[in-house]
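Student: Would you mind keeping the following structure in view while I ask a few things?
Every number here is computed from the coordinates shown, using simple stated rules; none is lab data. Please read these numbers as outputs of a predicted model, since none were measured by experiment. Cβ coordinates were reconstructed from backbone atoms using ideal geometry, including for glycine residues, and neighbour counts include every protein chain displayed.
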Amino acid sequence: MQTNDKNELLSTTAISSDDSFAGFVDTYEGEDEIVNQRMIQGTRIKFSNEGKWTDNQGIELDPGKHYLAIGVERVVNKWPVEQGPPLETIVLAPGQPFPNIDKMNKACPKSEWREAFGKQVGPYKPQRLLYLLDRLMTLDKYTFPTSTVGGTRAVHELADKIAWMRRYRQAGVRPLVQLSTTFMPTQYGGRQRPHFIIVDWIAPSGGDVKLEHKPTPQISGPAEAAAGADVSTPATSATPATPATPATSTNSSAKSSTKSSAKPSKETLAKAGLKTVSEPSLAEEMSDDIPF
């Protein structure tokens, strides 16, 4: 199997004395994600400030399309003072907790800090990258990088559901997802955030077919990469990330309309060496039959 794939008020005094709107920000730092291009596989996709899923050129994606979630990477980027790609990208191994980002930033000189929404922030920041596969036969790949609150929560929820399924099914099971949105409260009343609707579960049907996502090797900064130097090692002082709890409440009036395309047929999956997998029953979850 081969992998081929943006009023005037009453007086001048009144205008100058009220600057609260000037500080109004209803976005999150990193909303327009910058990413180390070597981490991107296939087409990069984004979740816009308007609550739309788009490609990197701002073209809205088909909301009814289904994608197979094949892997995720967790990285720590070191950002330059001025706008630009990361100076360094540390890729975490599977199961490795995030390093202590606050400690890493405090160890950096203030000359390396940058301004973001009116305050100084350190150069290091975590980021997640979700890898998706479209059209099981053509294997077009997509990458969703995120360091926002909403995007991180969406990826955490998806990872939690995958871990839950793998407790009862085979290790290679993957979700077939639909790109959607859900309501998230904020200090300004709330907004839409990314959300992945699981429409089915897919697994290898046997033989040598694999859907393994190969982790990206450690990536050095531009200067080190050019010189062929050894990459830096992730900090050993770390605090495990707390998994997000799946959201249960949504604002139906704020949710975007979601149409669903047909799921791949059993024949299509079989040609790709795949099969559907049923969700575990309540009895399986409780590891026993339920007495009545």
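Student: In whole Hz, with x marking every Gly and Pro, tabulate ³J(HN,Hα) for region 155-171 from phi via Karplus 6.51 cos²θ - 1.76 cosθ + 1.60, θ = phi - 60°.
Tutor: Karplus-based 3J(HN,Hα) across region 155-171 equals 5, 4, 4, 5, 4, 5, 5, 5, 4, 5, 5, 6, 5, 10, 10, 5, 4 Hz.
Student: From the alpha carbon gyration tensor of region 39-189, can you work out the equivalent ellipsoid semi-axes (sqrt of 5 times each eigenvalue) and give them in Å, largest to smallest?
Tutor: Computed over region 39-189, the values are 29, 19, 16 Å.
Student: Give the calculated FRET efficiency between residue 205 and residue 49 to the nearest 0.05, with a Förster radius of 25 Å applied to their Cβ-Cβ distance.
Tutor: Plugging the Cβ-Cβ distance into 1/(1 + (r/R0)^6) gives 0.05.
Student: Then there's this: My understanding is that a pair violates if its Cα-Cα distance is over 23 Å; which of 78/161; 161/263; 46/110; 52/119; 52/141 do that in this structure?
Tutor: Over 23 Å apart, Cα to Cα: 78/161; 46/110; 52/119.
Student: Let me ask you something else. Once the Cβ-Cβ distance between residue 268 and residue 170 is put in as r, and R0 is 22 Å, what FRET efficiency do you end up with, to the nearest 0.05?
Tutor: Taking R0 as 22 Å, the efficiency between residue 268 and residue 170 is 0.65.
Student: Let me ask something else about it. Amide H to amide H, which residues 5 or more places from residue 71 or on other chains are under 5 Å from it, using H placed in the peptide plane?
Tutor: 131
Student: Suppose R0 equals 25 Å. What FRET efficiency, 1/(1 + (r/R0)^6) with r the Cβ-Cβ distance, do residue 110 and residue 149 give to the nearest 0.05?
Tutor: 0.45
Student: Apply the Karplus parameterisation 6.51 cos²θ - 1.76 cosθ + 1.60, with θ equal to phi minus 60°, to every residue of region 121-135 and state each ³J(HN,Hα) to the nearest whole Hz, in sequence, with x for glycine and proline.
Tutor: 10, x, x, 8, 8, x, 8, 10, 10, 9, 9, 10, 10, 10, 6
Student: By how many nm would the segment from residue 101 to residue 186 lengthen if fully extended, with 0.36 nm per residue of separation less the alpha-carbon distance?
Tutor: Value of the extension gain: 28.2 nm.
Student: Expressed in nm², what is the orientationally averaged projection area of the convex hull enclosing the Cα positions of region 109-154?
Tutor: Average projection, Cα convex hull of region 109-154: 4.7 nm².
Student: Rg and Dmax of region 97-185, using alpha carbons, in Å: what are they?
Tutor: 17.6, 51
Student: Given H placed on each backbone N at 1.01 Å, which residues far from residue 124 in sequence or on other chains put an amide H within less than 5 Å of it?
Tutor: 79
Student: List the extent of the Cα atoms of region 145-194 along each of their three principal axes, largest first, rounded to whole Å.
Tutor: Over region 145-194, Cα extents along the principal axes are 43, 19, 17 Å.
Student: Another one. Each label point is 7 Å from the Cα along the Cα-to-Cβ direction; what then is the distance between the points at residue 135 and residue 276, in nm?
Tutor: 2.3
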